[in-house]
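Any read-out appearing in this document is the output of simple, stated calculations on the displayed coordinates, not a laboratory observation. All of these numbers come straight from a predicted model, not from anything done at the bench.
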Amino acid sequence: MVSSLKTLALRAAAIVTLSAPFQAWAQLDNSVEDPTGKNFGGGNLKQAILNVVKYILTFVAIIAVAVIVFAGIRFIISAGEEGEKEKAKKMIIYAVVGLLIIMLAQAIVNFVIGLN
């Protein structure tokens, strides 16, 4: 069960990661003249990269919150089994550390973009 959830989560993350650049390009400029998408109206590359990074960090943060919820449910239904309780505690700790790293990465990206 856990293995299939991990596989599903990895596949979903890969799909979102691979489709993120297309969504960022779509948000660059509304003045697309050619229906084939050859003319984007001179978009800002720095803003496009920033949008992609923010989108990926937001998605990963949502996944981390979902892991915290899943671990909390796992902790509640462990029914006193010490091994399961410890696994759930570790999942919660790792997810919270991951959220802190995501917030730090977001701050670094905003700082670096603000330098220019």
- Segment I77-V97, length gained on full extension (0.36 nm per residue, minus Cα span): 4.9 nm
- Message: On a straight-distance basis, which lysines could pair with K46 in a cross-link, Cα separation under 24 angstrom, same-chain partners fewer than 8 positions away excluded?
- Response: K38, K54
